[in-house]
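Chemist: Quick one: this structure, given as structure tokens, is what I'll be asking you about.
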């Protein structure tokens, strides 16, 4: 996976990163290391800025990397396998994983449907860009109503298709491609445990 492609998602939160850095750098109290008129930067402010920006960057890059390298089916299968012990206390793990899988699969479908409806409304003279916030919000009504109708129709069709195939939950079901642990999985566990231990030690010491 190219590094530029992994950090592509940071462009969407560039403003949030800058705002977070500004707020933590200039509004954190403490012993100042730099002062100029009413501007004061403290040592704690520099630490908080680096800490918060790093956390947000890791969150976005880690999420992007996971979704770019793992299919929705494997994500939900992994979640179901990892939470399988909750079945002993009657938690419907399979149903929760199924809902997650359906939700992930519906996202690109709804985005495509939104694009089609928006183009159709623009061809009829709808304006989604000009005006203030209230006017823009009102202009979204002709877009949201058909989108919700389409989503309900697709959900109904999916429910009918699952019932026609005699779907009745996860009891007794098998997978076509069952997940199996390999060497890289255990290495990933080891790296994660070392990282967590290191974070705990740094948190206690600093």
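The values are calculated or read from the model by the stated rules, or taken from the named source; none is laboratory data. As the structure is a computational prediction, the values presented were derived from the model and not from experiment. Cβ placement follows ideal geometry from the backbone for every residue including glycine, while neighbour counts extend to all protein chains displayed.
Chemist: Would you point out the residue of segment 38-77, among those that are touching a strand residue (DSSP E or B) at 6+ places or on another chain (Cβ under 8 Å) and assigned to a helix (DSSP H, G or I), that is farthest from residue 25 (Cα to Cα)?
Modeler: Applying the first criterion (touching a strand residue (DSSP E or B) at 6+ places or on another chain (Cβ under 8 Å)) to segment 38-77 yields 40-43, 46.
Checking which are assigned to a helix (DSSP H, G or I) leaves us with 43, 46.
Numbers: 43: 9, 46: 6 Å.
This residue is 43.
Chemist: Taking segment 78-92 on its own, how many of its residues are assigned to a helix (DSSP H, G or I) and either outside the structural domain of residue 153 (by TED's automatic domain parsing) or over 20 Å from the mean Cα position of the chain (by Cα) (or both)?
Modeler: Summing the residues that are assigned to a helix (DSSP H, G or I) and either outside the structural domain of residue 153 (by TED's automatic domain parsing) or over 20 Å from the mean Cα position of the chain (by Cα) (or both) in segment 78-92 gives 7.
Chemist: Of the residues 99, 160, which single one is within 26 Å of residue 82 (Cα to Cα) and at pLDDT 85 or above?
Modeler: Numbers: 160 fails: within 26 Å of residue 82 (Cα to Cα).
Of the residues listed, the single one that is within 26 Å of residue 82 (Cα to Cα) and at pLDDT 85 or above is 99.
Chemist: Mind checking which residues of segment 52-64 are over 21 Å from residue 97 (Cβ atoms) and touching a residue at least 24 places away in the same chain (Cβ under 8 Å)?
Modeler: Answer for segment 52-64, where residues must be over 21 Å from residue 97 (Cβ atoms) and touching a residue at least 24 places away in the same chain (Cβ under 8 Å): 52, 53, 56, 57, 60, 61, 64.
Chemist: Sticking with this structure for a sec: Within segment 26-51, which residues are surrounded by 14 or more Cβ atoms within 10 Å (Cβ to Cβ) and under 27 Å from the mean Cα position of the chain (by Cα)?
Modeler: Answer for segment 26-51, where residues must be surrounded by 14 or more Cβ atoms within 10 Å (Cβ to Cβ) and under 27 Å from the mean Cα position of the chain (by Cα): 47, 48, 49.
Chemist: If you go through segment 166-185, how many residues are surrounded by 10 or more Cβ atoms within 10 Å (Cβ to Cβ) and not in a loop (DSSP other than H, G, I, E, B)?
Modeler: Adding up the residues that qualify gives 1.
Chemist: Looking only at segment 131-147, decide whether some residue is in contact with a helix residue (DSSP H, G or I) (Cβ under 8 Å, 6 or more places away or on another chain) and over 24 Å from residue 108 (Cβ atoms). Can you show your working first?
Modeler: The first filter runs over segment 131-147 and keeps only residues in contact with a helix residue (DSSP H, G or I) (Cβ under 8 Å, 6 or more places away or on another chain), leaving 131, 142-143, 146-147.
Still in the running and over 24 Å from residue 108 (Cβ atoms): 131.
Yes - at least one qualifying residue is present in segment 131-147.
Chemist: Look at residue 105 and say whether it is without any contact (Cβ under 8 Å) to a residue 60 or more places away in the chain, exposed (fewer than 15 other Cβ atoms within 10 Å of the Cβ), in a helix (DSSP H, G or I) and not assigned by TED's automatic domain parsing to the domain that holds residue 148. Give the derivation first.
Modeler: On the way: without any contact (Cβ under 8 Å) to a residue 60 or more places away in the chain: yes; exposed (fewer than 15 other Cβ atoms within 10 Å of the Cβ): yes; in a helix (DSSP H, G or I): yes; not assigned by TED's automatic domain parsing to the domain that holds residue 148: no.
No: the conditions fail for residue 105.
Chemist: Would you confirm, using the coordinates I've provided, whether residue 196 is at pLDDT 90 or above, within 29 Å of residue 102 (Cα to Cα) and in a helix (DSSP H, G or I)?
Modeler: Values: at pLDDT 90 or above: yes; within 29 Å of residue 102 (Cα to Cα): no; in a helix (DSSP H, G or I): yes.
The answer is no for residue 196.
Chemist: Okay, next question. Could you say which residue among 22, 15 is in contact with a helix residue (DSSP H, G or I) (Cβ under 9 Å, 6 or more places away or on another chain) and either in a helix (DSSP H, G or I) or modelled with pLDDT of 85 or more (or both)?
Modeler: Numbers: 15 fails: in contact with a helix residue (DSSP H, G or I) (Cβ under 9 Å, 6 or more places away or on another chain).
The conditions single out 22.
Chemist: On to the next question. For segment 119-164, give me each residue that is outside any helix (DSSP H, G or I), exposed (fewer than 13 other Cβ atoms within 10 Å of the Cβ) and over 27 Å from the mean Cα position of the chain (by Cα). Let's see the steps before the verdict.
Modeler: So in segment 119-164, the residues outside any helix (DSSP H, G or I) come out as 124-132, 140.
In the following step, the residues that additionally are exposed (fewer than 13 other Cβ atoms within 10 Å of the Cβ) were identified as 124-125, 127, 129-132.
Selection gives 124, 125, 127, 130, 131, 132.
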